[in-house]
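Asks: Attaching a single structure in structure tokens format; questions to follow.
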Amino acid sequence: MHHGEQFRLEKLPADRSRIIYPPEPLEPIEDPDAAIREALESPIDSEPLRALLHAGMKLTIAFDDISLPLPPMRRPDIRQRVIEAVLDLAAEAGVDDVHLIAALALHRRMTEDELRHAVGDRVYDALAPRGQLYNHDAEDPDALVVLGETRHGEEVQISRRAAESDLVVYVNINLVAMDGGWKSTATGLSGYQALRHHHNPATMKKSKSFMDRHSSELHSSNWRQGEVLRNSGVKVFQIETTVNNDIYGDGPMQVLAKREWEWNLADRATFMAARAGLDRMSPPARRKVMHGWRAPYGLTSVQAGEVEAVHEVTTENVYRQQLVEVEGQTDVVLFGLPYISPYNVDSIMNPILVHCLGLGYFFNMYRGKPLVREGGVVIMSHPTAPEFNPVHHPSYIDFFEEVLVETTDPVEMEQRFEKRYADDEWYRHLYRTGNAYHGVHPFYMWYWGAHALDHVGGVIVVGGDPGTVRRLGYRPATTMADALEMASDVVGPRPSITYFKNPPLMMADVK
Amino acid sequence: MSRGHTALVYEDEPARFGAALAASKLRTGGGASVGPLRRDDDFDPPELPGPEWVRIQPRLSGICGSDLAAVNGQSSRWFEPIISLPFVPGHEVVADHDGTRVLIEPVLGCAARAIEPRCDPCAAGDLGNCERLANGCIEPGLQTGFCESTGGGWSTEMIAHPSQLHEVPAELDDESAVMVEPAACALHGALAAGVSPGESAAVIGAGTMGLAAIAALARWTPPSALLVAAKHGHQRELSLELAGPVPASAVEPSEIVRASRRLTGSMMLGSGAHQRVAGGVDVTIDCVGTAESLRAALAITRPRGRVVVIGMPGVTTVDLTPLWQREISVRGAYTYGTESLGGEQIRTFALAMELVASAGLGRLVSATYPLERATDALVHAATAGSRGATKIAFDTRSKK
């Protein structure tokens with residue numbers, strides 16, 4: 001079981017426990033470059049990309065930021081392959097006015113190394129020195145434009161460069177079903193003024209789940225904003241990719257992808273040695289080792305063309321890899337939370353991100369109904385130390401020290417605190433000039449768990465810092481046995497238990 | 001004069017000062033059992049040094065931070081010329097005098113010392129600033145409780161000059177009355193901060209001094225916003241209660257810098273020990289007086305802001321660069337005398353009695369002990385915060 005930057009071995013009651021394992025990795029596409037070229041030549045519900053490119057046009061290529069995929073991909077990153085293919089076509093068509101934008105919305109700015117990793121050195125060196133490759137800035141009033149409102153009164157705001165381009169090519173990695181579609185542009189290239197309409201507790205509570213677009217109010221809102229984008233004349237050529245769940249490869253880490261009952265002597269030895277080795281490392285060294293891992297992922301699909309049509313195909317490809325049929329809900333669900341979430345690449349998984357990963361992501365990895373029954377208990381395993389990266393997460397520190405002391409209720413914190421954090425000049429300065437997440441971002445991370453907080457009867461953290469766990473509104477437990485006993489106070493004696501062994505990522509299709 | 005009284009006597013035994021210091025470093029309050037404080041059950045109260053002096057019998061006597069510093073061998077040598085050994089500690093005293101309950105205003109100024117003409121501060125009513133603390137008809141001693149000639153509150157009998165005595169109003173019970181002296185110190189510091197309407201303030205520390213200072217600010221010079229750094233949960237709760245209608249937030253000391261940034265909408269600079277707010281609050285009242293609290297005060301106070309130190313600092317090492325670079329004014333606030341309030345000159349003790357009554361500060365007395373349990377009492381006082389307590393006092397009422 002993942003436990004932050006370490007692993008745990010746990011014994012569960014044999015007569016009432018089940019473990020849901022991720023599916024085996026799908027066979028990857030043998031020639032990704034050929035598949036990309038084919039997708040660009042034969043898009044879905046669109047003319048081929050080369051037909052949309054012409055000399056004198058304004059072309060903007062936006063791409064997913066450092067939050068995808070997790071862990072980061074080994075070089076060459078799929079974004080690099082796609083962007084190079086698009087730029088080759090643009091060059092053939094004589095397009096000079098090209099901008100590349102990391103569509104990071106309110107995430108932190110990517111560093112040069114991270115941008116190089118995503119787009120490749122050749123693209124970076126060709127465009128960055130000329131100011132044609134940069135991070136989206138959601139706080140630059142001159143660089144954003146409001147295009148109107150949806151029929152629900154939601155403002156639609158987007159990068160001015162994108163809005164004024166003849167064509168926006170969006171290069172996406174769909175690590176989970178939530179990614180992509182209109183969320184790419186309507187969120188990734190937008191700002192607080194528009195994001196607040198769907199990144200809020202009311203929307204999150206009505207999103208069941210984020211991974212099922214048709215049951216997600218978050219996505220409905222993004223789709224409405226996408227409609228306004230389209231009607232405003234913003235032409236988007238969407239390129240979406242999916243990858244398999246091969247995050248460990250063939251090396252020693254492979255043991256983590258195996259089912260425990262399949263472990264042989266060598267696997268056991270490897271696991272024990274890894275644990276012992278991690279124990280002996282200093283926390284910074286351990287963090288460096290963990291975050292240094294680059295996954296070998298294989299490309300499983302690439303599709304391009306009209307946003308919504310493309311996304312339907314993409315989602316099916318994500319489901320093909322990740323969906324696991326599960327019979328019935330459970331009283332207690334266990335999550336082993338790893339060292340990484342979308343918002344702490346090369347950074348610290350702080351307590352708010354623990355909440356987000358557990359109740360925002362893992363809880364929502366379902367289609368149909370949640371894996372845990374209403375009133376059930378979520379048990380998460382994570383050290384949950386009160387540690388923060390002050391460069392990446394400055395407003396998280398204040399959120400932890402000020403907001404969570406007062407309330408863990410998403411609605412109350414939205415009303416009392418959100419606006420002040422969103423408008424804070426210091427956070428704005430750090431977001432725009434440093435590598436800080438936007439001031440409002442910790443609120444969004446808390447809101448991700450809003451549906452789960454409504455649904456479950458309790459949350460227990462095993463092995464977490466007790467004071468921190470309590471501040472999150474959860475209950476701390478020293479051991480898994482203690483946690484299960486505490487859970488029985490909520491769900492009754494001898495509850496059914498499901499260990500949802502994520503990652504590699506999977507989704508429960510609960511029948 | 002009669003023998004047979006009980007007193008806790010602070011002896012002139014240098015070896016035991018060292019033992020107390022060493023023990024207190026090993027365990028909070030550890031100096032109480034090995035230090036120079038000894039119980040004398042056949043105590044001979046002091047002679048009256050002049051015809052005006054009177055004998056009084058303590059009822060309650062509080063344990064103050066300065067007492068703990070002495071008991072634990074941590075007092076500054078600055079005090080050496082203005083104390084006289086051996087002495088009976090105890091300067092927060094409510095006592096009986098001829099059937100009347102009285103409070104002691106313990107500073108031993110020119111009046112008590114029979115010095116005429118009085119020094120300028122005493123003449124102006126600023127008793128705490130007396131320039132004759134080592135002269136006159138009694139031994140050196142800045143206050144009752146640090147002077148060989150007067151005895152102190154940690155006993156069943158002591159002496160006092162009538163100028164030191166205030167009758168306790170009937171509406172104040174003993175627990176409230178014993179809070180008047182510390183409340184007077186705190187409100188003197190709070191008023192010294194000179195908070196103007198619209199100014200923000202921070203209070204570092206929420207023991208007796210901090211809590212009383214918060215009550216005083218709220219009562220007379222309410223800031224536009226108040227930030228309190230308090231170690232313990234009950235202190236944070238009391239802080240917010242005592243702040244009353246003042247918009248207040250209370251945080252752990254480690255969170256004070258960021259909290260002051262949030263309060264003032266400023267930016268932050270630096271990291272680690274050099275982290276500070278680019279702007280900050282207008283005024284900070286430091287009720288702790290350690291290097292850490294002084295560093296925090298300088299980090300959260302705006303350029304040209306003010307810092308008032310109420311907590312007794314002792315020997316500390318602090319980087320004063322911010323004081324220089326930000327042109328911050330730092331001033332101390334010791335005891336009391338006369339306050340200027342709304343154009344009027346009012347005795348601090350009179351204001352303190354009003355404050356204790358109106359803010360209900362008697363509730364801050366968390367526990368009382370007989371003199372026989374001095375070690376328990378002193379350890380409790382030294383660890384009050386972590387044990388959910390605020391003020392600990394000796395109770396000698398059963399001795400009467």
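The values are calculated or read from the model by the stated rules, or taken from the named source; none is laboratory data. Keep in mind that what you see is a predicted model, and the values were worked out from it rather than measured. A quick note on method: Cβ atoms are made from the backbone with ideal geometry, for glycine too, and the neighbour counts reach across all protein chains shown.
Asks: Out of segment A:415-427, which residues are surrounded by fewer than 20 Cβ atoms within 10 Å (Cβ to Cβ) and more than 10 Å from chain B (Cβ to nearest Cβ)?
Replies: Going residue by residue through segment A:415-427, those that are surrounded by fewer than 20 Cβ atoms within 10 Å (Cβ to Cβ) are A:415-416, A:419-420, A:423, A:425.
Answer for segment A:415-427, where residues must be surrounded by fewer than 20 Cβ atoms within 10 Å (Cβ to Cβ) and more than 10 Å from chain B (Cβ to nearest Cβ): A:Gln415, A:Arg416, A:Lys419.
Asks: Is it fair to say B:Val107 is in contact with a Leu (Cβ under 6 Å, 6 or more places away or on another chain), within 27 Å of B:Arg39 (Cα to Cα) and touching a residue at least 12 places away in the same chain (Cβ under 8 Å)?
Replies: In short, yes.
Asks: Which ones in segment B:30-45 are within 12 Å of B:Gly73 (Cβ to Cβ) and not in a strand (DSSP E or B)?
Replies: Step one: of segment B:30-45, the residues within 12 Å of B:Gly73 (Cβ to Cβ) are B:30-32, B:34-37.
B:Gly30, B:Gly31, B:Ala32, B:Val34, B:Gly35, B:Pro36, listed by residue number.
Asks: Here is a further query. Give me the pairs: first residue in segment A:427-439 and within 19 Å of A:His199 (Cα to Cα), second residue part of a helix (DSSP H, G or I), beta-carbon distance under 6 Å, and six or more apart or on different chains, which are they?
Replies: Filtered contacts from segment A:427-439: A:Tyr427/A:Ser395; A:Ala436/A:Pro394; A:Ala436/A:Leu430; A:His438/A:Tyr431; A:Gly439/A:Ser395; A:Gly439/A:Tyr421; A:Gly439/A:Ala422; A:Gly439/A:Tyr427.
Asks: On the basis of being surrounded by fewer than 18 Cβ atoms within 10 Å (Cβ to Cβ) and in contact with a strand residue (DSSP E or B) (Cβ under 7 Å, 6 or more places away or on another chain), does A:Arg275 make the cut? Steps first, answer last, please.
Replies: On the way: surrounded by fewer than 18 Cβ atoms within 10 Å (Cβ to Cβ): yes; in contact with a strand residue (DSSP E or B) (Cβ under 7 Å, 6 or more places away or on another chain): yes.
Yes, satisfied.
Asks: Here's a follow-up. Whether any residue in segment A:489-496 is of a type outside the set (D, E, K, R) and either in a helix (DSSP H, G or I) or within 12 Å of chain B (Cβ to nearest Cβ) (or both) is what I want to check. Before the answer, list the steps.
Replies: Keep residues of segment A:489-496 that are of a type outside the set (D, E, K, R), which gives A:490-493, A:495-496.
Subset that is either in a helix (DSSP H, G or I) or within 12 Å of chain B (Cβ to nearest Cβ) (or both): A:490-491.
Yes; the residues of segment A:489-496 include at least one that is of a type outside the set (D, E, K, R) and either in a helix (DSSP H, G or I) or within 12 Å of chain B (Cβ to nearest Cβ) (or both).
Asks: What strands (runs of 3 or more DSSP E) completely inside segment A:109-199 contain at least 2 residues that are under 28 Å from A:Ala450 (Cβ atoms)?
Replies: Here the list reads A:144-149, A:155-159, A:167-174.
Asks: Just the residues that are among the aliphatic types (A, V, I, L, M) and out of contact with any helix residue (DSSP H, G or I) (no Cβ under 6 Å at 6 or more places or on another chain), please, taken from segment A:100-114. If you could, list the steps in order and put the result at the bottom.
Replies: Keep residues of segment A:100-114 that are among the aliphatic types (A, V, I, L, M), which gives A:100-106, A:110.
Within segment A:100-114, A:Ile101, A:Ala102, A:Leu104, A:Met110 qualify.
Asks: Let me ask something additional. Just for helices (runs of 4 or more DSSP H) wholly inside segment B:164-277: which have at least 2 residues that are within 14 Å of chain A (Cβ to nearest Cβ) and out of contact with any Pro (no Cβ under 9 Å at 6 or more places or on another chain)? Even if it seems obvious, please write down each step before you answer.
Replies: Numbers: elements: B:174-177, B:180-192, B:208-220, B:233-243, B:256-264.
In segment B:164-277, the matching helices (runs of 4 or more DSSP H) lie at B:233-243, B:256-264.
Asks: Is it true that B:Ser84 is closer than 30 Å to B:Pro370 by Cβ and surrounded by fewer than 24 Cβ atoms within 10 Å (Cβ to Cβ)?
Replies: Working: closer than 30 Å to B:Pro370 by Cβ: yes; surrounded by fewer than 24 Cβ atoms within 10 Å (Cβ to Cβ): yes.
It is true that B:Ser84 is closer than 30 Å to B:Pro370 by Cβ and surrounded by fewer than 24 Cβ atoms within 10 Å (Cβ to Cβ).
Asks: How many of the residues in segment A:232-255 are without any contact (Cβ under 8 Å) to a residue 24 or more places away in the chain and in a helix (DSSP H, G or I)?
Replies: The total comes to 3.
Every residue, every condition in (1) touching a helix residue (DSSP H, G or I) at 6+ places or on another chain (Cβ under 9 Å); (2) surrounded by 22 or more Cβ atoms within 10 Å (Cβ to Cβ), yes or no:
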site	(1), (2)
B:Gln275	yes, no
B:Val281	yes, yes
B:Leu294	no, yes
B:Thr316	yes, no
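Asks: Something else now. From the list B:Glu13, B:Glu52, which one is closer than 16 Å to B:His97 by Cβ and either touching a helix residue (DSSP H, G or I) at 6+ places or on another chain (Cβ under 7 Å) or free of Cβ contacts under 8 Å to residues at least 60 places away in the same chain (or both)? Working first, answer last.
Replies: Details: B:Glu13 fails: closer than 16 Å to B:His97 by Cβ.
From the options B:Glu13, B:Glu52, the qualifying one is B:Glu52.
Asks: Just to be sure I understand the filter: pairs with C-beta atoms under 9 Å, separated by 6 or more residues or on different chains, first member in segment A:489-503 and farther than 14 Å from A:Glu327 by Cα, second member among the polar types (S, T, N, Q). Which pairs pass?
Replies: A:Arg494/A:Ser488; A:Pro495/A:Thr330; A:Pro495/A:Ser488; A:Pro503/A:Asn245
Residue by residue, here is whether (1) surrounded by 18 or more Cβ atoms within 10 Å (Cβ to Cβ); (2) closer than 30 Å to A:Ala51 by Cα; (3) at pLDDT 90 or above; (4) touching an Asp or Glu at 6+ places or on another chain (Cβ under 8 Å) holds:
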| position | (1), (2), (3), (4) |
| --- | --- |
| A:Gln225 | yes, yes, yes, yes |
| A:Arg230 | no, yes, yes, no |
| A:Gly233 | no, yes, yes, no |
| A:Ile239 | yes, yes, yes, no |
| A:Asn245 | yes, no, yes, no |
| A:Asp250 | no, no, no, no |
| A:Gln254 | no, no, no, no |
| A:Leu265 | no, no, yes, no |
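Asks: Being in contact (Cβ under 8 Å) with a residue 40 or more places away in the chain and assigned to a strand (DSSP E or B): is that true of B:Val315 here?
Replies: In short, no.
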